[in-house]
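**Q** Sharing a structure here in structure tokens format.
The values are calculated or read from the model by the stated rules, or taken from the named source; none is laboratory data. Since the structure is predicted, the reported quantities are computational estimates derived from the model, not experimental observations. Cβ placement follows ideal geometry from the backbone for every residue including glycine, while neighbour counts extend to all protein chains displayed. Surface areas here come from the heavy atoms of the whole protein model, side chains and all, with no ligands, DNA or RNA. Shrake-Rupley method; radii C 1.70, N 1.55, O 1.52, S 1.80 Å.
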Amino acid sequence: MPAARGRKGKEAAAAKKAREQEEALLDTSSEHLEPASEGFMPEAESDTEFEEPKAKGKKGGKKDGSKRMKKDMTKKKVVEEEFEGDGSLFDIVRLGRASLQAVVDDWIETYKANRDTALLELIQFFIQCSGCKGKITPYMYTNMEHAEIIRKMTEEFDEESGDYPFISSGPQWKKFKTNFCEFVQVLVRQCQYSIIYDQYMMDNIISLLTGLTDSQVRAFRHTSTMAAMKLMTALVDVALNLSINLDNTQRQYESERAKQQNKRASERLELLMTKRQELEENQAEIRNMLTYIFKGVFVHRYRDTQPEIRKICMGEIGVWMKKYPNMFLDDSYLKYVGWTMYDKGGDVRLCCLKTLSPLYYSNDLSPKLELFTNRFKDRIVEMTLDKEYEVAVAAVKLACSILKFSDNVLADKDCENVYELVYSSHRQVAQAAGDFLNTKLFSRDEEENRHLKSLKGKKLSPNTPLIRDLVQFFIESELHEHGAYLVDSLWEINEMMKDWECMTDLLLEDPSKGEEPLDDRQETSLIEIMVCCVKQAATGESPVGRGPANKRLTAKEQKQVSEDKTKLTEHFIVTLPQLLLKYLMDAEKVANLLQIPQYFELEIYTSSRQEKHLDSLLRYLHEIVEKHTDTEVLEAATKCFEALCNEEYAIAGKCDVARKTLIDSLVVKYRDAMQDFFTEGDEPDDDEAFALLASLKRIHTFYCCHDLGNWDLWEDLFHVIRCANENSAIPEEIITKAVSACSMALLWYLQKIDEKNPDKDRLRYIKKRLNNLMRHCNNLLLHQLDKVVEEAYITICDLLVVFSRNLAEFHPDMKQLVFEPDKNLQNELSNFLSEKVFVEDDDEDVDENVKIEELHKRRNFLACFCKLVVYNIISIRTGANMFKHYMKFYNDYGDIIKATLSKSREINKVLTAKTLALSLTQLYKELQNEQGTIERSSDVFQSIKELSRRFALSFGLDQVKNREAVAAMHKEGIVFSLQPADGDPEGHVPPNLPFLEVLCEFTNKLMKQDKKVVLGYLDNHIPGGFAAARGDEWQPYFTYRNSLTQGDGEINPITLKQATQKRFGKRKADTFNDESLESSYDAMPTPAATVGLPMHQSTAVKRQRMMEMEDQMMSDHGSEQDFDDHRMSQASWLNSQHGRAQMQRQQEAGYGRRQIPNVPHQESSSEQGSIGEFESPQSVGQPPQPPRHGYYQQPPHPQQHHSQQMGQQQQQGRFYQGFFEDDSQYIDDASVS
């Protein structure tokens, strides 16, 4: 459709007048800006307004205050005028205070009076809605084409600001978007009878919007696309009205023609024919407009670069298809939706699915989608696995709609792909898939199932065939560990999930003639599903991993749960004993059935007088425990007794008697089996070993849930452990059960102690048994059987946590129960990790599930050790053997080691840094033992550097906070690197010198003034006779030295908080993620060595790249940056005394321990500030001086911090005096006894 503007000719005088107005507007000076302009400031407001007023007496002050009040009122008035705007269409729609219909009616009146003026106002409205401040003058409107106007407005657009109304946040702009869309639709609706057909208004609007949608300015494209799509939606409504009116006119015309000749009204026929012709012409014109907008806007913008614009197109085309299917519900339009389902934007894909859903729901529209469905059904099924969960849910629901539309459209393979989603961890996806599964498989036929009966004539539930189908589906899905997920997916969809009677009838009743009974596998699956249903009904909780962990039930949900719990209790009180009797010898079925009593409403036993069923339950429980040795059955039985013996219920007494009777029987059998197995002179046979193991299993399982202290089993259990260290012929499972049972016995002993007034004799009694068990478990760490070693390791770790220093917090007398691990035990625990955890798993023949189970077990071993480090039970240095494997086993244990490293820094930053240095030196020594002479280009050496780079990243960005720890790292590295080999002559290359390249990775963490101190320390430890003409073997030294001499002209580092404030100003800093250990290795590589005295350019590049990387990471804290600010006592490093440091450098070339002279206060500079002194090897023999202050002293108040920096250098010197003492000074470390 041509976009001719259709303007009528203007007279020369009018054109000249418009030109003069344009020139006058352009020549207007800045003093005469309107109040609504952005830069307006009242003339009275000058810089003097912000100056302190001069004291001119009382009268003068009052006059000045009056002026100030007037100025404030002027400013307030300007702000209000700016907010109210200039009364343009944009401001009226933005504020939303006036009725849009009234606004449109006023515009129509203006249009009727002067359509050019009205159209200019409307075009200006669309320009302003795009966020453009440009003004379209009458001269521009008269003499420029739309393309020229758009180009002119593009030049005046504010390119620096990325915001415009349609993407602005806040309730005001959200309301504006709604008002904008409504305005466009109201405009068309009010003009639908005459104005839109005048070939002027619509031509101009469509031409302008089409031009704006092709603009390169995103704001123009976004706004105009929204306007064009809403305009098209409004025209669709007009076309619908025309279609209705045309049908009515045609019907009236046909009715009039059907009358007899003498009764016809020829004038009416003529009138109806004229009206019909007019409606047809209007309808054709509207169709032309729709087609033009679709081809001129939609076809180009549905694949726009911006997802918001593509989303608008997909949302509106769905509206057109639903409202006007005769035109738009056609394959020529549907194909655009099908193509866009492959869009890379999740919101756009979701919009496509939401567009299609209403079409499939409608019985009138769905038949027209047959060809589209066959073409794009594969894509819809693929989208059920979309990475965006919201898209996946919509895709599953759409597939369900397609299934309802036609049962044969989706193939069995397509349906199976959706079926599997009932096991998804995302609850909404699973429930949508459950709805699909229910629609496909669980449609109940009331007539067919009405007369179902059992063999004995009992009427069966109509859900019986559905339960059978559910069981078969569960079996065929082969995911038997996820029955709870299947139940949860169907829980709110199908009522059969609460049909307890139907489930138990299938298990207890014989089927009628012609029906096959359930086989063993089906019975097992049905019991598992039934137990999952019982659990969900009684708790109202979703399975673990699906939904929030601590979801609070609403009042309505709690009421429903209470009702369901009562119903299932009333049913299973009667049927559970029957089920236990039927499956008494089937371990798997019994283990599941015994979980049901844990969800009973136990008061019903007494309120409904069901004691006889309780007696039956207790009797079968006794039989099950005596006849089964399976761990799952025994655990279920003990938990069942634990629930039944709850003292809150009246049945607790009877159940407790039954429990004691059972335990008496178990203890007698255990002691008989002990006597038979350990008879002197006889080797135990297999039957005796089996009897002892079976009885020990039962005792151990009951010990986990019940206190067996009254039966005094310690000596009998401990005898097995004692003999295990002497006799290796005892089966490993007997030993592990005995060790675990003794551990549980100690916990029960501890639980019975009165914390407020403990019995000292009882404490000594427990302490003696604890020491005996820990000593024998320590010996079992060297046992030849792997399971015994693993059980001993876990027992030791658990008991160390329970009997740690925290016990003394309850009562001083409890301190004697604390068990402190010695160095030997700590080393053995660390060696266990090397042998059992950090091992390569290269066996490809092993099943994948077995590998996963082994990995889970090894992660558990590592977590047990890490708990000891985190709780400060063992020395942090013991973790060096673990930290060195951080990179090698990152995929398996990276998260555990990372968390441990973070917590270790909270305990002691310096000791953690020394531990990391020890980890690196251990790896270096291992490589040295393998290669002899270190090859710095080897992959193994490079991997050590990679590990050091990862350790360096873990220090984060705050150099002040980690200053002391980084210094310790460099000190340890220098001492190790320059340590001469035994028997080497003076001046010989130290064997560990290549380690300095590893140490280079930590140089960027040093502050500038600290680099000078470390450099001096390095130079003073070079062997005597060092000359500049050293060979290539000295290149690591040059590389490390260069890294310390770079950046002399740089500014002093600032803390991370200061850097954040400097960058973001007063804005609130973003929350930083714990990413430092996860960040990519964009940090610099170690500078390459050069021949002779190396140049500085390599490390200069490194320094420059490091500064750039830190700027990029400023908004991303390292994982160690989330410590509390009150640990900022390290900030006193910045104030090391200038005079004391200078004097020390003159007096001690070896950088011995600093003595604190009485030096008068001097202003220190960061250029000459010292990190303290490094302890020289020559000074090791000096008696250590105890630190004046502990490492973790109370930090100063922030208001006192500045004064402490400026006036308390001597005290700060004393604070850091102990930094270079031995590790034993850190009293917070667990290694201190």
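**Q** Going through the range 976-1003 one residue at a time, which ones are at pLDDT 90 or above and farther than 14 Å from Y924 by Cα?
**A** C1000, E1001, F1002, T1003
Rundown of residues vs (1) more than 51 Å from the chain's Cα centre (by Cα); (2) at positive phi; (3) outside any helix (DSSP H, G or I), yes/no style:
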site: L119; (1), (2), (3): yes, no, no
site: K135; (1), (2), (3): no, no, yes
site: F166; (1), (2), (3): no, no, no
site: D203; (1), (2), (3): yes, no, no
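**Q** List the residue pairs whose Cβ atoms are under 7 Å apart, where the first residue sits in the range 796-821 and is under 21 Å from S743 (Cβ atoms) and in contact (Cβ under 8 Å) with a residue 12 or more places away in the chain, the second is among the basic types (K, R) and open to solvent by less than 50 Å² (accessible area, probe 1.4 Å), and the two are 6 or more positions apart or on different chains.
**A** Q816/K767; L817/K767
**Q** With the requirement that a residue be at pLDDT below 85 and among the acidic types (D, E), what does the range 674-690 give you?
**A** Of everything in the range 674-690, those that are at pLDDT below 85 and among the acidic types (D, E) turn out to be E680, D682, E683.
**Q** Any idea which of P812, P821 is open to solvent by 70 Å² or more (accessible area, probe 1.4 Å) and out of contact with any strand residue (DSSP E or B) (no Cβ under 7 Å at 6 or more places or on another chain)?
**A** P812
**Q** Give the residue, chosen from L95, L119, that is under 24 Å from L187 (Cβ atoms), of a type outside the set (S, T, N, Q) and modelled with pLDDT of 90 or more.
**A** It is L119.
**Q** Continuing with the same structure: Which one is farthest from M314 (Cα to Cα), of the residues in the range 336-374 that are surrounded by 14 or more Cβ atoms within 10 Å (Cβ to Cβ) and among the basic types (K, R)?
**A** K368
**Q** Could you tell me how many of the residues in the range 715-737 are under 15 Å from H783 (Cα atoms) and either at pLDDT 95 or above or in a helix (DSSP H, G or I) (or both)? First the steps, then the outcome.
**A** First, pick out the residues of the range 715-737 that are under 15 Å from H783 (Cα atoms): 720-736.
Subset that is either at pLDDT 95 or above or in a helix (DSSP H, G or I) (or both): 720-726, 732-736.
Residues that pass the stated criteria total 12.
**Q** Then there is this: Looking at R276, R268 in this structure, which one is of a type in the set (K, R), assigned to a helix (DSSP H, G or I), farther than 18 Å from D214 by Cβ and open to solvent by less than 80 Å² (accessible area, probe 1.4 Å)?
**A** After applying the criteria, what remains is R276.
**Q** Which one is farthest from V534 (Cα to Cα), of the residues in the range 457-494 that are open to solvent by 30 Å² or more (accessible area, probe 1.4 Å) and of a type in the set (F, W, Y)?
**A** This residue is Y485.
**Q** Of the conditions (1) at pLDDT below 95; (2) more than 15 Å from A399 (Cα to Cα), N374 satisfies every one except a single condition; which number is it?
**A** For N374, the exception is condition (2).
**Q** From the list A741, A724, A689, exactly one residue is crowded, with 21+ Cβ neighbours inside 10 Å, over 46 Å from the mean Cα position of the chain (by Cα) and not β-branched (V, I, T). Which is it? Reasoning before the result, please.
**A** Details: A741 fails: over 46 Å from the mean Cα position of the chain (by Cα); A689 fails: crowded, with 21+ Cβ neighbours inside 10 Å.
Among A741, A724, A689, only A724 is crowded, with 21+ Cβ neighbours inside 10 Å, over 46 Å from the mean Cα position of the chain (by Cα) and not β-branched (V, I, T).
**Q** Let me ask you something else. For K867, only one of the following conditions fails: (1) assigned to a loop (DSSP other than H, G, I, E, B); (2) within 30 Å of K760 (Cβ to Cβ). What is its number?
**A** (1)
**Q** Quick check on the range 509-542: of everything there that is of a type outside the set (A, V, I, L, M) and open to solvent by less than 20 Å² (accessible area, probe 1.4 Å), which residue is farthest from the chain's Cα centre (by Cα)?
**A** Taking the candidates together, the pick is T524.
**Q** Tally the residues that are modelled with pLDDT of 90 or more and assigned to a helix (DSSP H, G or I), restricting the search to the range 482-524.
**A** Total satisfying the criteria: 26.
**Q** Every residue in the range 884-925 that is among the charged types (D, E, K, R), free of Cβ contacts under 8 Å to residues at least 40 places away in the same chain and more than 23 Å from L993 (Cα to Cα), please.
**A** Those that are among the charged types (D, E, K, R), free of Cβ contacts under 8 Å to residues at least 40 places away in the same chain and more than 23 Å from L993 (Cα to Cα): D892, D895, K903.
**Q** Of all residues in the range 676-714, how many are in contact (Cβ under 8 Å) with a residue 40 or more places away in the chain and either assigned to a helix (DSSP H, G or I) or within 14 Å of E733 (Cα to Cα) (or both)?
**A** Within the range 676-714, residues that are in contact (Cβ under 8 Å) with a residue 40 or more places away in the chain and either assigned to a helix (DSSP H, G or I) or within 14 Å of E733 (Cα to Cα) (or both) number 17.
**Q** Quick check on the range 173-201: of everything there that is part of a loop (DSSP other than H, G, I, E, B) and touching a residue at least 60 places away in the same chain (Cβ under 8 Å), which residue is surrounded by the most Cβ atoms within 10 Å (Cβ to Cβ)? Give the steps one after another, and end with the answer.
**A** Going residue by residue through the range 173-201, those that are part of a loop (DSSP other than H, G, I, E, B) are 192-194, 198-200.
Pick out the ones that are also touching a residue at least 60 places away in the same chain (Cβ under 8 Å) and you get 199-200.
Details: Q199: 13, Y200: 19.
Looking at the filtered set, the residue picked out is Y200.
**Q** Here are some residues: E790, E733. Which one is in contact (Cβ under 8 Å) with a residue 12 or more places away in the chain, touching a Phe, Trp or Tyr at 6+ places or on another chain (Cβ under 9 Å) and not hydrophobic (A, V, I, L, M, F, W, C)?
**A** Going through E790, E733 in turn, the sole match is E790.
**Q** State all residues of the range 724-739 that are of a type outside the set (A, V, I, L, M) and in contact with a helix residue (DSSP H, G or I) (Cβ under 9 Å, 6 or more places away or on another chain); if no residue qualifies, say none. Give the steps one after another, and end with the answer.
**A** Residues of the range 724-739 of a type outside the set (A, V, I, L, M): 725-728, 731-733, 736-737.
Residues satisfying the conditions are N725, P731, E732, E733, T736, K737.
**Q** Something else now. Would you say F955 is within 16 Å of T912 (Cβ to Cβ), touching a residue at least 12 places away in the same chain (Cβ under 8 Å) and not in a helix (DSSP H, G or I)? Break it down into steps so the answer makes sense when it comes.
**A** Details: within 16 Å of T912 (Cβ to Cβ): yes; touching a residue at least 12 places away in the same chain (Cβ under 8 Å): yes; not in a helix (DSSP H, G or I): yes.
Yes.
**Q** Quick one: count up the residues across the range 270-290 that are among the β-branched types (V, I, T) and within 60 Å of the chain's Cα centre (by Cα).
**A** Going through the range 270-290 one residue at a time, the tally reaches 1.
**Q** On to the next question. For the range 965-1022, name all the residues that are surrounded by fewer than 17 Cβ atoms within 10 Å (Cβ to Cβ), farther than 23 Å from G932 by Cβ and polar (S, T, N, Q).
**A** Listed by number, the list holds a single entry, N1020.
**Q** For the subset of the range 760-802 comprising residues that are closer than 18 Å to N824 by Cα and either aromatic (F, W, Y) or assigned to a loop (DSSP other than H, G, I, E, B) (or both), which member is most open to solvent (accessible area, probe 1.4 Å)?
**A** Among those residues, the one meeting the criterion is L782.
**Q** Can you give me the number of residues within the range 841-882 that are open to solvent by 80 Å² or more (accessible area, probe 1.4 Å) and within 30 Å of L479 (Cα to Cα)?
**A** Result for the range 841-882: 9.
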